[in-house]
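To start, the structure under review is shown below, and the notes come after it.
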Amino acid sequence: MTISEAKFYKEGVINLLSAAKLPVEDLPAQLDNFIVVIENDTVIGVAGLELYGDYGLLRSVAVDKDQRGKGIASDLLARIEETAVSLSLEGIYLLTETAADYFNRKGYEHIARMDIPEEVKASSEFSHVCAQSAIAMKKSIQ
């Protein structure tokens, strides 16, 4: 398994996210700050960090269903958080409908949507892609 930049694997990212029933229509064109795990030339894991001012939006975290339970998501999340630290971000925000318990175990806390910075609220994820029922979460970086 290899961790790599996602920009060279966009089709594989789209296939994995589609299989996981995660949004793909608003993916950034270049997939900057997205990383993938590759095995046998196949994308088996992905995570992305979109930047909004001093904040990051964690999105598109997915692992192939046959590869779960191997720590791949944890490795991806650790790498994304390292990126956030290197960029001196204040915090990482996310929306989830299915993985709140997982992210809670990783140090993310539930927050009210009204407590999300305006820059992040303007993202497509918050403004129209994710359902209003999705749980908002945050992890402070600094």
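The values are calculated or read from the model by the stated rules, or taken from the named source; none is laboratory data. Since this is a predicted model, take the numbers as computed values, not measurements. When we count neighbours, we look across all protein chains shown, and the Cβ atoms used for this are built from the backbone with ideal geometry, even at glycine. Keep in mind that these areas ignore ligands, DNA and RNA; they rest on the heavy atoms of the full protein, side chains included. Shrake-Rupley method; radii C 1.70, N 1.55, O 1.52, S 1.80 Å.
Worth a mention:
- A73 meets the conditions (1) under 15 Å from S4 (Cβ atoms); (2) touching a strand residue (DSSP E or B) at 6+ places or on another chain (Cβ under 8 Å) in every case but one. The failed one is (1).
- Residue satisfying all of: in region 75-122; in a loop (DSSP other than H, G, I, E, B), open to solvent by less than 30 Å² (accessible area, probe 1.4 Å) and at pLDDT 95 or above; nearest to L22 (Cα to Cα) among these: Y108
- Exclusive hit being buried (at least 21 other Cβ atoms within 10 Å of the Cβ), among the hydrophobic types (A, V, I, L, M, F, W, C) and modelled with pLDDT under 95, set A6, A47, A20, A29: A6
- Of all residues in region 1-44 being assigned to a loop (DSSP other than H, G, I, E, B), hydrophobic (A, V, I, L, M, F, W, C) and within 15 Å of the chain's Cα centre (by Cα), the one that is nearest to Q67 (Cα to Cα): A20
- Count of region 123-140 residues which are surrounded by 12 or more Cβ atoms within 10 Å (Cβ to Cβ) and modelled with pLDDT under 90: 7
- Output for region 51-61, where each listed residue is open to solvent by 20 Å² or more (accessible area, probe 1.4 Å) and within 9 Å of the chain's Cα centre (by Cα): V61
- E50 being among the acidic types (D, E) and assigned to a strand (DSSP E or B): yes
- Between E39, E50, E118, the distinction of being touching a strand residue (DSSP E or B) at 6+ places or on another chain (Cβ under 8 Å) and without any contact (Cβ under 8 Å) to a residue 40 or more places away in the chain belongs to E39 only.
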